[in-house]
1. Among the candidates B:V351, B:V347, B:V336, which residue alone is farther than 15 Å from B:A284 by Cβ, surrounded by 15 or more Cβ atoms within 10 Å (Cβ to Cβ), in contact with a Gly (Cβ under 7 Å, 6 or more places away or on another chain) and aliphatic (A, V, I, L, M)?
2. Considering only segment A:89-102, state which residues are in a helix (DSSP H, G or I) and surrounded by fewer than 20 Cβ atoms within 10 Å (Cβ to Cβ).
3. Return the residues of segment A:160-215 that are surrounded by fewer than 21 Cβ atoms within 10 Å (Cβ to Cβ) and of a type in the set (D, E, K, R); say none if nothing qualifies.
4. Conditions first: (1) in contact with an Asp or Glu (Cβ under 6 Å, 6 or more places away or on another chain); (2) modelled with pLDDT under 95; (3) farther than 26 Å from B:F164 by Cβ. B:G342 passes all but one, so which condition is the exception?
5. Return a yes/no flag: does segment A:47-69 have any residue that is in contact (Cβ under 8 Å) with a residue 12 or more places away in the chain and in a loop (DSSP other than H, G, I, E, B).
6. Do you know which of the residues in segment A:86-100 that are β-branched (V, I, T) and touching a helix residue (DSSP H, G or I) at 6+ places or on another chain (Cβ under 9 Å) is nearest to the other protein chains (Cβ to nearest Cβ)?
7. Exactly one of these conditions fails for B:L319: (1) touching a residue at least 60 places away in the same chain (Cβ under 8 Å); (2) more than 14 Å from chain A (Cβ to nearest Cβ); (3) crowded, with 23+ Cβ neighbours inside 10 Å. Give me its number.
Amino acid sequence: MVTEVLQLIINGIMAGTILAVPAIGLTAIFAVLRFANFALASHATIGAFAGLVANVNFGLPIVPSLLFAFLVAAVVGVVTDEFVLKPFRAAGFITTAIGSIALTIALENVVRFIFGNELRGYDLPIRRDWRFEGIRIGPQQVENLVIAVAVMAAVFLFLMLTRIGKAMRAVADNPMLANIKGINAEMVARIVSFVGMGLAGLGGMLIGLDTTIDPLTGFRSMLSIFAAAVVGGLGSIPGAVVGALTVGIGEELSLLFLSPNYRSAVGFFTILLVLIFRPRGILGQRAL
Amino acid sequence: MSGNTISRRRALQAIAAAAGTAVSAPAILRAQDTLQLGVLTPLTGAGGFDGPRMLKAMQAVATEVNAAGGLLGRQISLIIEDDQTNPEPAVRASRKLIDVSKVPVIMGTWASAVTSAVAPVCWESKTFLTTVSGADSITLLPHQGYLIRTQPNNHLQAQKHAEFIASIGAKRVFCLSIQAPFAVPTQNRLSEVLPQKGSQLIGSLIYEKDKTTYRSEIDQALRAKPDFLYLNGYAPDVTVMMRDLYRAGFDGGRLTQSYALTSKVLESLPPEVTEGAYTTQPSADIDSPAFARAVKRLGIDDPDSYETQATDWISLVCLTIAKAKEATGTALRDNVRKISQGSGMKVYTAVEGLKALAEGKEINYEGASGPCDFTDIGDIQDCKFRYQQVAGGKFKFLKVA
């Protein structure tokens, strides 16, 4: 029983950590632009496919491919925000969020048009799991975990130490005050789209590394990513990490007493409970 | 005011001119004259591999029928919608086909959940539905005869699968099913048939779709120490499971439906992950003359069960409309068995059947997917199954039985 619980917690941490990367992107965009950008789903897919091209077509190893996934999704994110979502923002946040759903469907179909519907896999040797005292851990999962943690650390350092990061936090905390202090809100919006969607792309590829990818890769994970951001506190980056781990571990532990087909339901039931008692999420909505 | 009048008059003239042009336009004439048949296949989503091929098979028959003079003196045209392998868009698309295009038939739903959602829309609006969905519950719906399926139901499929699993020596079988209408009936049937054949179902679980990992589900299954796993899901989840099983070090046998482990899926996975896995599917009737005609028509060596079933739907629909001399859902319901079974002259294509009907003969359509004889509730009465095994990342044909 102890082994089983431990195994479920480890599986939950692995799943949650990968979920945390795009969840950080979602929450960062929300903190600065104040709308839930559902186009994150298609950017995760775009990243996954960009990484596939880098890995399979260009023969690049995984880490450079992940970087390529980040860059392509980031650039697409900036371009689509500039030309599609920015005009929506004048009409209000709800309209922008709905516009982002339309955008994600459009982009998903562009991916489908270029790559087709088939499932695709990265050029990656598959390895058997390590076993310790009845617990099994996958080498690929550990690598993904290390990459995800490194990315999260890089994002924290970027926000804490760099001038641009501080400007982003300032806009997220108080846009009006940031404006008075002469921070260019438009530039910050572009940077947050770049970083946020880049993280989505990187997260999409991380998800694909462990599985296979198709044009619906991002869409499938979107609900869990959104849940992670909301549970942690939409707008809070540490919150996104805590939220992702809560959703990941919560879903896995539910298997102890319920059939696996209720996994998501239990996950979302947990979300309801968290939000009933802490309507602003576990860590609140303290920006970034 | 007078300015307004002139502008209104001019506007009316412009509309009249446009209308006149439209009426004389050949494209519009064609649209008015064609006999429209609805197609609702999954062009995207989990069924995105089979849907487009089913569509092509139907288009090929439509082209052949049109080249031979059409149906009821009109050319047929297919109005195509994508069900996205998702009930909600599927219902919206079916409403469009029924309310806007006013088609008498919708052909092509694939996933059981989609068919279960679309079927009530069809029977309530007296539209005929043809499907490949296998869940037993589908033909048990109160569809009033407005539904046929060319796919064997779950009861029959699970029975054949259990017989096959036992025949290859598996003793301890665990079934992992995706959450779908076919999950529980399949597990129940396996637990009935396996013990009769010297094997047993030692456990089963139902999992959710769209998960990025199934490690915990696999752990749960392997704790029961099975020597064989029945993976009853769709391609996205079965692919993840195959990887997770390899990582977990499971070396026993695995069986899954062919739609969950396609040749494209094999390409996406390292060969060691799929080595030795069995696949099964309802087979086309590869010895039948209708199958030979389908091979020629589609220009491929080995049309699969879905392509042949799609061939049979549109053929059955065309022949029934010709028999009834009326293109309505109710006419299809009331007449389909008059051309699909019985003692009439055997025909193997829509064009052959149309010719025979024009000569006043009774016909019995024998399809590329099988005899196409239907029970009162719309199930087929018999069907063959094809078994394959993966060796070195490629499918090796085992048998059709």
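1. On the way: B:V351 fails: in contact with a Gly (Cβ under 7 Å, 6 or more places away or on another chain); B:V336 fails: in contact with a Gly (Cβ under 7 Å, 6 or more places away or on another chain).
Testing whether each residue is farther than 15 Å from B:A284 by Cβ, surrounded by 15 or more Cβ atoms within 10 Å (Cβ to Cβ), in contact with a Gly (Cβ under 7 Å, 6 or more places away or on another chain) and aliphatic (A, V, I, L, M) leaves just B:V347.
2. Residues of segment A:89-102 that are in a helix (DSSP H, G or I), as a first pass: A:89, A:93-102.
Scanning segment A:89-102 gives A:R89, A:F93, A:I94, A:T95, A:A97, A:I98, A:I101, A:A102.
3. Correct list: A:R163, A:K166, A:R169, A:D173, A:K181, A:E186, A:R190.
4. It fails just one condition, (1).
5. Yes, segment A:47-69 contains a residue that is in contact (Cβ under 8 Å) with a residue 12 or more places away in the chain and in a loop (DSSP other than H, G, I, E, B).
6. At the first step, the residues of segment A:86-100 found to be β-branched (V, I, T) are A:94-96, A:98.
When the remaining residues are screened for being touching a helix residue (DSSP H, G or I) at 6+ places or on another chain (Cβ under 9 Å), the result is A:95-96, A:98.
Values: A:T95: 22, A:T96: 24, A:I98: 17 Å.
Looking at the filtered set, the residue picked out is A:I98.
7. Evaluating B:L319 over (1) touching a residue at least 60 places away in the same chain (Cβ under 8 Å); (2) more than 14 Å from chain A (Cβ to nearest Cβ); (3) crowded, with 23+ Cβ neighbours inside 10 Å leaves (1) as the failure.
Here's the yes/no breakdown for (1) surrounded by fewer than 16 Cβ atoms within 10 Å (Cβ to Cβ); (2) modelled with pLDDT under 90; (3) away from every other protein chain (no Cβ under 14 Å); (4) in a helix (DSSP H, G or I):
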residue	(1), (2), (3), (4)
B:L29	yes, yes, yes, yes
B:L37	no, no, yes, no
B:G51	no, no, no, yes
B:M54	no, no, no, yes
B:A60	no, no, yes, yes
B:T63	yes, no, yes, yes
B:G69	yes, no, yes, no
B:I80	no, no, yes, no
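The values are calculated or read from the model by the stated rules, or taken from the named source; none is laboratory data. Source: prediction; values computed, not measured. Note: ideal-geometry Cβ built from the backbone for every residue, glycine included; neighbour counts use all protein chains shown.
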